[in-house]
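The values are calculated or read from the model by the stated rules, or taken from the named source; none is laboratory data. Computed from a predicted structure; not experimentally measured. All Cβ positions, glycine included, derive from the backbone under ideal geometry; neighbour counts span all protein chains shown.
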Amino acid sequence: MSGITSAWSEKLAEYVAAVEADYIHRTDERRWKLMEEFTKEFLIKDYPVLLSNVRCGVSVQPGWGMLVHNLCSDITMVMAANPGLKITVDQVKQKFGAMRFYAQVYTTATDLDGIFLTNIKVAPEHEAAKEKIRALIQKAEADSTFTCEVCGAPGNIVNLSGWLQASCKKHGKP
């Protein structure tokens, strides 16, 4: 697992420069293309088991890339320590200025009933691991509210013309 590399830093810098140059707006297709490239190159490559078959996609800006990367690393460690425990990541996105990481933890495919993490049944010996994963997700989601989506610097949730976004002072301007 690569984490932050010079290639990661360069791609993040490219994305930040494009946003800062007002070259792309939040709804611009080019912004989504850069986000998708970043996700494929730096997140899915490192965590293919967790992120390559995400049902509704991974669509967060690169500033949250390290939050997602660290969360996936932590979940992978919990899974390795609990053979038989499985996870399906349904979606990773931004909503109301915070990251949302929707996932289901289960022990067999028949346990998977289409309801998100809180209602899935796991074998009793995996209940503590499921709770650990839930806590890891909640922490990452909470941390996202203080992390700029664009560049990863410390920030807060701001209202940008009706769109809530976690932003640093530099990127929190409409």
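Close Cβ contacts (under 7 Å, 6 or more residues apart or on different chains) running from residues in region 147-174 that are touching a residue at least 24 places away in the same chain (Cβ under 8 Å) to residues that are among the hydroxyl-bearing types (Ser, Thr, Tyr) and buried (at least 19 other Cβ atoms within 10 Å of the Cβ) comprise 148/167; 149/167; 150/167; 158/167; 166/144; 166/147.
Looking only at residues that are aromatic (Phe, Trp, Tyr) and in a helix (DSSP H, G or I) in region 1-32, which one is modelled with the lowest pLDDT?
Ranking the qualifying residues of region 1-32, first place goes to 32.
Scan region 61-86 residue by residue and report those that are aliphatic (A, V, I, L, M) and in contact with an Asp or Glu (Cβ under 7 Å, 6 or more places away or on another chain). If the condition is that a residue be aliphatic (A, V, I, L, M) and in contact with an Asp or Glu (Cβ under 7 Å, 6 or more places away or on another chain), then 67 is the only one that fits.
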